[in-house]
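The values are calculated or read from the model by the stated rules, or taken from the named source; none is laboratory data. Every value quoted in this text rests on a predicted model; they were computed, and no experiment measured them. Here Cβ is always computed from backbone atoms with ideal geometry, including for glycine, and neighbour counts include all displayed protein chains.
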Amino acid sequence: MNLKKILTCAVAFSIMAGSFNVTFAANSNSTRDTTEQRLTHRKLISPSKGNAQHEQLRFVKLTSDDRYDYYLDRESVKWKRVPYTASEYMADIWIRMIEKSQDVEPIDDADISEIAELAYAREQNINYAPSDIEVLMHKQYFLEHYYLRPQRKQIQFLCELEVVGHPQNNEAGRAYDVRNWEELIPGSIESIIYKKVLKTIGDAMSYEQGHMTFADYFEEYTRISIR
């Protein structure tokens, strides 16, 4: 390889590296969230200040109304490709609704053994934050299942479960249907859930670029296959 070719490659790689820096900076929060979602047995600790609670807590309180507190279960968040689209993704989320009138007794070993998630956490040495334990201590609650579509600012309701003790894994919610997407009504609980959830998890993963690996970026910019 002569000197001219070496210099050309060096300049091209320098430009490509600069592009990488810009792209990764724009998606850094998305990458962090995705990594956390894939950790099955992550340890959760009490938050410090500011947005740290969004990075450390399992349950993020989104809003309240006259009867319920609404929490996003961050462990359940998944990004799925929107059917019949080439590069659009939707967020698959579960919201836990806890009635405000419920009283929770102080926690002891008997309570832990009766609540499957707390018993499992103790066995696996998972340290939940106090606010997460408070949410898990409620033996009666509702679960709502939604799809969020950030690119079109739409929401799709799938099902609602009433849970006493712990949920059974046999509930059949309605299947995805393009006709079930709903526009957000200003001031509705759904619009608040939509906004607060995306504020917590970000919307970068709704685009194809949010799912690209380093190898994908390298091949995209250099047109050189490394796999």
Checklist entry - Which one of S113, S46 is more than 27 Å from L158 (Cβ to Cβ), modelled with pLDDT under 80, touching a helix residue (DSSP H, G or I) at 6+ places or on another chain (Cβ under 9 Å) and part of a loop (DSSP other than H, G, I, E, B)? => result S46
Checklist entry - So which pairs qualify, if the first residue must be in the stretch 186-205 and closer than 13 Å to D65 by Cα, the second must be surrounded by fewer than 16 Cβ atoms within 10 Å (Cβ to Cβ) and basic (K, R), the Cβ gap must be under 8 Å, and the two must be at least 6 apart or on different chains? => result none
Item to check | Exclusive hit being surrounded by fewer than 19 Cβ atoms within 10 Å (Cβ to Cβ), at pLDDT 95 or above and charged (D, E, K, R), set D66, D103, D73 | outcome: D73
Next on the checklist: Please go through the stretch 159-185 and give me each residue that is touching a residue at least 60 places away in the same chain (Cβ under 8 Å) and either assigned to a loop (DSSP other than H, G, I, E, B) or closer than 21 Å to K61 by Cα (or both), ordered by number.
Outcome noted: Y176
Item to check | Flag if I133 is within 21 Å of K61 (Cα to Cα) and either without any contact (Cβ under 8 Å) to a residue 40 or more places away in the chain or among the aromatic types (F, W, Y) (or both) | outcome: yes
